[in-house]
Amino acid sequence: MDKSIKIFAPATVANVGPGYDVLGLALDNIGDYMELTLNDSGVIKISMSDPDLPTDPEINVAGVAARALLNHLKSKKGVTINIHKNVKAGSGLGSSASSAAGAVYGVNELLGQPLTKLELVPFAMAGETASSGKAHADNVAPSLLGGFTLVRSYNPLDVIKLSYPTSLYVTAVHPHIEVKTSDSKKMLKKEISLELAVAQWGNLAGFVSGLASSDFDLISRSLEDLIVEPIRSMLIPGFETLKEAAKNNGALGCSISGSGPSVFALCENKSVADKIGAAFKGIYNQLDINHDIHISQINPKGCKTLEPSYEIL
């Protein structure tokens, strides 16, 4: 009988204010549910709950990531991957990353854990390349590892899991419009001033320091994106209103999740997160824009194995 596993791969918030392409966090209650079955045929097969996403394993991010890992391990095994998507593609909540991370995590588990979660990051990045054209890790790393992760270097790859206050919550709103990562990257300036870069570096360092020391004032002062947000926010309806509402309701900060259009607020506790969720809902109701609200703690563990009896609907 072929060996199977059921897993959960969390959605993510990437960039996290000043951390463009290097900083990400894992969400706790939203992501992909996947069932993987190992086979001896060497063939990778994909089935999806979302009919708009490709099932060709040469194109699908989970298939690409799984193949990269199997090739690296010189395994002749194949795998069937059934993916139940809970985050829409183009949402800015790491939809492709959760599929890629879940695929390599599941295959690695089925093969007896030859690699650590950290060692799986480059193979999940191969899936991201298929999605956006760039092998970035700020989504796949937190999805695999959980918590906040920092990509200190891409060459060579050096991913660090950060300490953070466990009371933190995230409120994210996803307006039902699509912003493709590949398109939004084209909008960004190729050059920035040294003065602006220095200010951004200071914010990133301050944010990481604030997380490590549970200094909420420092986190709040540092959660500011001076480079990417001013450009990408033009694609998000009501962005400035959302940001003002988050601030007025006690958020530590508010910015764009990934390449958008989702917007996230980082909150000191659940009570604040709930207030901001209600405020975001009211704003998009008034604008007559369909949307989803997600209120989540930071997921501490990343991808995880589910009980065999768990039903993936």
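Rule-based calculations on the coordinates, nothing more; no lab input. Treat the numbers as computed from the prediction; the structure is a model and nothing was measured. Every residue, glycine among them, receives a Cβ derived from its backbone with ideal geometry; neighbour counts consider all protein chains shown.
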>> Taking the number of other C-beta atoms within 10 Å as the exposure measure, put Asp21, Asp225 in order starting with the fewest.
In response: Asp21, Asp225
> Considering the zone a paramagnetic label at Asp21 would reach in this model (a point 7 Å from Cα along the Cα-to-Cβ line), which residues of region 149-171 have amide N under 16 Å from it?
Replying inline: 150-159
>> Full-extension gain between Leu162 and His72, please, as 0.36 nm times their residue separation minus the C-alpha to C-alpha distance.
In response: 29.6 nm
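Give, rounded to the nearest 20 debye, the magnitude of the charge dipole that the chain has about its Cα centre when Lys and Arg contribute +1 at Cβ and Asp and Glu contribute -1 at Cβ.
Dipole magnitude for the chain comes out near 480 debye.
Val151: net charge of surrounding residues, Cβ under 14 Å, Lys/Arg +1, Asp/Glu -1, itself excluded?
So the environment of Val151 carries a net charge of -1.
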> Between Gln113 and Glu240, what is the spin-label point distance in nm, taking each point 7 Å from the Cα along the Cα→C-beta axis?
Replying inline: 5.2
>> What are the ³J(HN,Hα) couplings of region 21-33, residue after residue, when phi is run through the Karplus curve with 6.51, -1.76, 1.60 and θ = phi - 60°? Round to Hz, x for glycine and proline.
In response: 6, 10, 10, x, 9, 9, 8, 9, 10, 9, x, 9, 9
> Mind checking the log10 I(q)/I(0) for region 216-313 at q = 0.18, 0.20 Å⁻¹? Debye, one equal scatterer per Cα, no solvent, two decimals.
Replying inline: -0.89, -1.03
> In whole Hz, what ³J(HN,Hα) sequence does region 201-215 give by Karplus (6.51, -1.76, 1.60; θ = phi - 60°), x for Gly and Pro?
Replying inline: 4, x, 5, 5, 5, x, 5, 4, 5, x, 4, 5, 9, 6, 8
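Nearest 500 deg cm²/dmol is fine: what mean residue ellipticity at 222 nm does the chain get from its DSSP H runs of n ≥ 4 alone, each adding -39,500 (n - 2.57), divided by its residue count?
-11500 deg cm²/dmol
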> Gaussian network model of the chain, Cα springs within a sub-10 Å range: biggest mean-square fluctuation belongs to which of Glu195, Glu119, Glu35?
Replying inline: Glu195
> When a footprinting reagent is the concern and you count Cβ atoms within 10 Å, what order do Arg232, Arg221, Arg67, Arg152 take, fewest first?
Replying inline: Arg152, Arg221, Arg67, Arg232
> Check Met48: other-chain or 5+ apart residues with amide H under 5 Å from its amide H, H built from backbone geometry?
Replying inline: Ile83
> Taking a spot 7 Å from the Cα of Ser4 along the direction of its beta carbon, which residues of region 44-86 have an amide N less than 18 Å from it?
Replying inline: 44-49, 78-85
> Given a cut-off of under 8 Å on Cα pairs at least six residues apart, what relative contact order in percent is computed for the chain?
Replying inline: 25
> Counting other C-beta atoms within 10 Å, which of His291, His72, His176 has the fewest, and how do the rest follow?
Replying inline: His176, His72, His291
